[in-house]
């Protein structure tokens with residue numbers, strides 16, 4: 001068995017309140033095997049603003065990751081291949097739960113910018129007749145919304 005582990009980052013209602021989502025995925029099927037949501041302190045230029053506005057923010061990333069690993073341990077083969085990015089915390093996080101697993105750390109890529117992939121009207125010259133799934137005259141009266149990356 002193989003699994004991939006990484007953390008996604010998002011935020012609550014402000015970028016000053018970031019969240020981490022530890023995520024385990026089966027690479028062949030891309031099926032999500034489990035995830036958690038954890039609070040984390042802001043970093044970079046927003047850290048000082050976040051502390052001033054909201055106070056110190058607890059970092060629950062490790063605890064939520066351990067909770068996820070504990071839940072998945074019965075379902076993961078002891079000698080599984082675990083692929084992660086090169087985050088220096090991951091080997092010490094994985095070892096107590098998957099001590100006989102093979103850990104492969106690969107160079108990570110930066111995530112996409114927030115807001116990419118939202119639904120927008122497709123420009124008329126980009127739309128294809130009959131693609132919207134609406135039959136007859138109603139098709140002309142409805143806007144054509146699809147994933148359209150700028």
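Summary of computed values
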| item | result |
| --- | --- |
| Condition met for residue 53 (out of contact with any strand residue (DSSP E or B) (no Cβ under 8 Å at 6 or more places or on another chain), surrounded by fewer than 18 Cβ atoms within 10 Å (Cβ to Cβ) and either modelled with pLDDT under 95 or more than 17 Å from residue 95 (Cβ to Cβ) (or both)) | yes |
| Tabulated pairs, the stretch 7-27, first surrounded by 16 or more Cβ atoms within 10 Å (Cβ to Cβ), second assigned to a loop (DSSP other than H, G, I, E, B), C-beta under 6 angstrom, 6+ apart or interchain | 16/42; 18/40; 18/42; 19/37; 20/40; 21/37; 22/36 |
| Neighbours by Cβ (under 6 Å, 6+ apart or cross-chain): first from the stretch 69-97, assigned by TED's automatic domain parsing to the domain that holds residue 36; second surrounded by fewer than 13 Cβ atoms within 10 Å (Cβ to Cβ) and assigned to a helix (DSSP H, G or I) | 97/73 |
| Hey, residue 68 over 13 Å from residue 2 (Cα atoms) and not in a loop (DSSP other than H, G, I, E, B) or not | yes |
| Residue tally, condition surrounded by 12 or more Cβ atoms within 10 Å (Cβ to Cβ) and modelled with pLDDT of 95 or more, over the stretch 85-94 | 5 |
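Listed here are the residues, each with its yes/no results for (1) at pLDDT below 95; (2) within 13 Å of the chain's Cα centre (by Cα); (3) more than 12 Å from residue 64 (Cβ to Cβ).
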position	(1), (2), (3)
12	yes, no, yes
15	yes, no, yes
19	no, yes, no
27	yes, no, yes
30	yes, yes, yes
35	no, yes, no
39	no, no, no
44	yes, no, yes
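The values are calculated or read from the model by the stated rules, or taken from the named source; none is laboratory data. Source: prediction; values computed, not measured. Cβ atoms come from the backbone with ideal geometry, glycine included; neighbour counts cover every protein chain shown.
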